[in-house]
Amino acid sequence: MTRKSILILPALIFAAFSGCGSGGAANVSVKDILERVQSEVATIVSVEMATEATDGNNLLGKQGQYIELGWFTDSRIERNMVVESLLQANPRGTDNGGAIEKFRSTKDAQKRNEYLSKFDGAGILSSGYHEQCGVFVIRVSNKLTASQQNELAEKIKKAIK
C-alpha cells in the first residue's frame, strides 16, 4: 500500500460513515436542497437564496468563500424581544432558522466550518450548529434545541445526497 493510499483511505472511510455522502452532491444546488427540505419539514416556513445585495457577510462569490447561500426560516424559533430586534436588523441568517452554504471545494468548506467553530458557545456570537458536508456547510440556529438541530441537519444531509 502506498503512502498516498494510506492517507486517502481514512478520508474515504470517514465520508462513508459521516452521513454526508460524496460524489454527485457537488452538482446539487442550494436552492434544490432547500426546496427538498421545506417539502419534508413542516416548520420550515420560508426559504430564500442570497444575492450579493442580501448577503450580510459580503462573502458570496469571493475567493475561498461560498458560491451559493440560502437561508430558511423555522417556525419553532420563539420571537422574543432580543431575537425580534436582531431579525429586524438582519431578517436573514442563521438565527432565524438556518442556512446552507456551498463552496467551490471541500477545502474551502472545511476552512469555513473551522472558522465557525471559533464561535461555538460564544453566546450572542454563537454560530449555532454547523457541519461540513462535502462542499456544503450546514448551519442551524442556536435558538433550536440540540435534538431539533440534529434532526434538521440529518434531513438536510439526506437532501444533499
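Which whole-percent values make up P(r) of the range 23-160 when all C-alpha to C-alpha distances are grouped in 5 Å steps starting at zero?
Using 5 Å bins, I get a P(r) of 2, 11, 21, 26, 22, 14, 4, 1, 0 for the range 23-160.
What's the exposure ranking of ARG112, ARG139, ARG104, going from fewest to most Cβ atoms within 10 Å?
ARG104, ARG112, ARG139
If you take the alpha carbon radius of gyration of the range 109-161 and divide it by 2.2 N^0.38 Å, what ratio comes out, to two decimals? Intermediate values should be presented prior to the final figure.
Details: Rg = 11.0 Å, N = 53, 2.2 N^0.38 = 9.9 Å.
Against the compact-globule rule of thumb, the ratio is 1.10.
Going by how many other Cβ atoms sit within 10 Å of their own, how do SER105, SER127 line up, fewest first?
SER105, SER127
Listing VAL47, VAL140 from the residue with the fewest other Cβ atoms within 10 Å to the one with the most, what is the order? Numbers along the way, then the final one.
Numbers: VAL47 18, VAL140 26.
Going from sparsest to densest Cβ surroundings: VAL47, VAL140.
Using a cut-off of 27 Å between alpha-carbon atoms, which lysines can reach LYS157, once sequence neighbours fewer than 8 places away in the same chain are excluded?
Reachable lysines: LYS31, LYS62, LYS102, LYS107, LYS111, LYS118, LYS143.
Between MET49 and ASN150, with labels modelled 7 Å along Cα→Cβ, what's the label distance in nm to one decimal, could you check?
With each label placed 7 Å out from Cα toward Cβ, I get 3.4 nm.
Laboratory data are not the source of any read-out in this text; all were calculated from the coordinates shown. A quick note: this is a predicted structure, and the numbers were derived from the prediction, not measured. FYI the Cβ positions are ideal-geometry reconstructions off the backbone, even for glycines, and counts take in every protein chain you see.
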